Amino acid sequence: MQMALKDDLTDSVDGILGTAFQERDGKKIPTSADIALSNGAVKLDAVFLYADLAGSGLIAKVCPWDTTAKIIRAYLDCAVRIIRAHEGEIRSFDGDRVMGVFIGDTKRTNAVKAALKIQWATENLIQKKATARFNSVKNNDVKIRQACGIDVGISRAVRAGIRNNNDIIWIGRPPSFAAKLSDNREYPYCTFISAAVYDAMLDVAKLSKGVNMWEKRSMKFAGVDEDVYRSNYQWTP
């Protein structure tokens, strides 16, 4: 049995590393069914938004498990509804984090609006209602925080795994950088975007009553200093 597994793994790795991908341009955000498991690849110019609940480990430490589950569910529910309301599609969940993908002419602006509304929902709905409802949140002064990261550019979608046990993985800088940006913890700054997003989004997502909502910063990504922008603004849905 052990030798059979070793042979199976060896054959699988040889097959994967020897794959010649059949790449095509994507006209829509692909699902798993749109990509061949063996060698399919979809090239897509898209915006990636990662919404990441911060400190869920601490919440789990001081709150009952069901309270923690309700807070995480409420956060993901709001994030998904807001992303979809702004023409984004959900393509990944990872614990207390969700990834949205946006395409189209206003994809940057749509994603930024979504991120600012996710921050509003976290602070004005989830935090306030959880504090009022759960003693473990109120008595421990639990702060429900989150961050969204957004980047844009060319990526490839491929499938990884085996039959009946696989999912889409995204290859390229934009999803990786968006995920990195969502790891920032600089409250009240909770929305972080790349320069590529900032430079081409519409003024409606850049200015509030004529005031720039964004502050320029620098951070390292893949060993390179990158210009990024952060905001402490919220957007009421």
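What dipole magnitude, in Debye to the nearest 20, does the stretch 1-75 give about its Cα centre under +1 on Lys/Arg Cβ and -1 on Asp/Glu Cβ? Mind dumping the intermediate values first?
On the way: 8 positive and 10 negative charges, 98 e Å.
Here the stretch 1-75 has a charge dipole of around 460 debye.
On a 0 to 90° scale, report how tilted helix 107-121 is relative to the longest principal axis of the chain, with both axes built from alpha carbons and the result rounded to the nearest 10.
50 degrees
Take Arg73, Arg81 and sort them by solvent-accessible surface of the protein heavy atoms, 1.4 Å probe, largest at the top.
On the way: Arg73 180, Arg81 160 Å².
The ranking, largest first, comes out as Arg73, Arg81.
Pick from Ser12, Ser194, Ser56: which residue has the top mean-square fluctuation in a GNM of the chain where Cα pairs under 10 Å get a spring?
Ser12
Test of understanding: in a Gaussian network model of the chain with alpha carbons linked when under 10 Å, which of Asn39, Asn135, Asn165 would top the mean-square fluctuation ranking?
Highest fluctuation of the listed residues: Asn165.
In degrees from 0 to 90, rounded to the nearest 10, what is the angle of the helix 65-85 Cα long axis to the longest principal axis of the chain?
With rounding to tens, the tilt is 80 degrees.
Carbon-plus-sulfur fraction of the accessible area of the stretch 53-164, 1.4 Å probe, in percent? The partial results should precede the final answer.
On the way: 2610 of 5440 Å².
For the stretch 53-164, the apolar C and S fraction of the accessible surface comes to 48 percent.
If the reach is capped at under 16 angstrom between alpha carbons, list the aspartates and glutamates near Lys143, excluding any in the same chain fewer than eight residues apart.
Within the straight-line cut-off, Lys143 pairs with Asp52, Asp96, Glu123, Glu186.
For Glu186, what accessible surface area do you get with a 1.4 Å probe? Give it in Å², rounded to 10.
60 Å²
Using only Cα atoms and rounding to the nearest 10 degrees, what angle (0 to 90) does helix 2-17 make with the longest principal axis of the chain?
On a 0 to 90 degree scale, this one is about 80.
Taking K and R as +1 and D and E as -1, what net charge do the other residues with C-beta under 14 Å from the C-beta of Lys129 add up to? Could you put the intermediate results ahead of the total?
Details: positive: Lys70, Arg73, Lys128, Arg133, Lys138; negative: Asp77, Glu123.
Here the charged neighbours net out to +3.
Among rounded, prolate and oblate, which fits the stretch 143-197 when a ≥ b ≥ c are the square roots of the eigenvalues of its C-alpha gyration tensor, a/c under 1.5 means rounded, and a/b larger than b/c means prolate?
Values: a/c = 4.67, a/b = 1.72, b/c = 2.71.
Judged from the Cα gyration tensor, the stretch 143-197 comes out oblate (a/c at least 1.5, b/c at or above a/b).
Heavy-atom accessible area of Tyr229 with all protein chains present, probe 1.4 Å, nearest 10 Å²?
Rounded to the nearest 10, the figure is 30 Å².
A 18 angstrom limit on the alpha carbon distance is what I want to check against. Which of Lys113/Lys206; Lys27/Lys117; Lys113/Lys209 exceed it? The partial results should precede the final answer.
Values: Lys113/Lys206 10 Å; Lys27/Lys117 27 Å; Lys113/Lys209 15 Å.
Among Lys113/Lys206; Lys27/Lys117; Lys113/Lys209, the Cα-Cα distance tops 18 Å for Lys27/Lys117.
Assign one of three labels to the stretch 64-114, namely rounded, prolate or oblate, based on the Cα gyration tensor with a ≥ b ≥ c the square roots of its eigenvalues; rounded applies when a/c is under 1.5, prolate when it is not and a/b is larger than b/c, and oblate otherwise. Could the numbers behind the result be given before it?
Values: a/c = 3.81, a/b = 2.58, b/c = 1.47.
Prolate, since a/c reaches 1.5 and a/b exceeds b/c.
Report the local net charge at Lys27: Lys and Arg +1, Asp and Glu -1, summed over other residues whose C-beta lies under 13 Å from its C-beta. Before the final figure, lay out the partial values.
Numbers: positive: Arg24, Lys28, Lys43; negative: Asp25, Asp34, Asp45.
Residues close to Lys27 contribute a combined charge of 0.
Would the chain count as rounded, prolate or oblate if I go by the C-alpha gyration tensor, calling it rounded below 1.5 in a/c and otherwise prolate when a/b exceeds b/c, oblate otherwise?
Numbers: a/c = 2.15, a/b = 1.34, b/c = 1.60.
Note, shape of the chain comes out oblate.
With a 1.4 Å probe and every protein chain left in place, work out the accessible area per residue of the stretch 34-140 in Å², rounded to a whole number.
Details: 4850 Å² over 107 residues.
So the stretch 34-140 comes to 45 Å² accessible per residue, rounded to a whole number.
Go through the stretch 117-185 and name the trypsin sites (Lys or Arg not before Pro) that are in a DSSP coil and have 16 or fewer other Cβ atoms within 10 Å of their Cβ.
Working: sites: Lys117, Lys128, Lys129, Arg133, Lys138, Lys143, Arg145, Arg156, Arg159, Arg163, Lys180, Arg185; in loops: Lys143, Arg163, Arg185.
Sparse-neighbourhood loop trypsin sites (Lys or Arg not before Pro): Lys143, Arg163, Arg185.
Go through the stretch 52-61 residue by residue and turn each phi into a ³J(HN,Hα) via Karplus (6.51, -1.76, 1.60, θ = phi - 60°); whole Hz please, and just put x for glycine and proline.
Taking θ as phi minus 60°, the curve returns 10, 6, 8, x, 5, x, 5, 4, 5, 5 Hz for the stretch 52-61.
Work out, step by step, the length gained on full extension between Asn124 and Asp183: first 0.36 nm times the residue separation, then minus their alpha carbon distance; give nm to one decimal. Please report the intermediate quantities before stating the final value.
On the way: separation 59, 0.36 × 59 = 21.24 nm, distance 2.14 nm.
Result: 19.1 nm gained on full extension.
The values are calculated or read from the model by the stated rules, or taken from the named source; none is laboratory data. Quantities reported herein were computed from a predicted structural model and do not represent experimental measurements. Using ideal geometry, Cβ is built from the backbone for each residue, glycine included, and neighbour counts are taken over all protein chains shown. The area values use the complete protein model at the heavy-atom level, side chains included, leaving out ligands, DNA and RNA. Shrake-Rupley method; radii C 1.70, N 1.55, O 1.52, S 1.80 Å.
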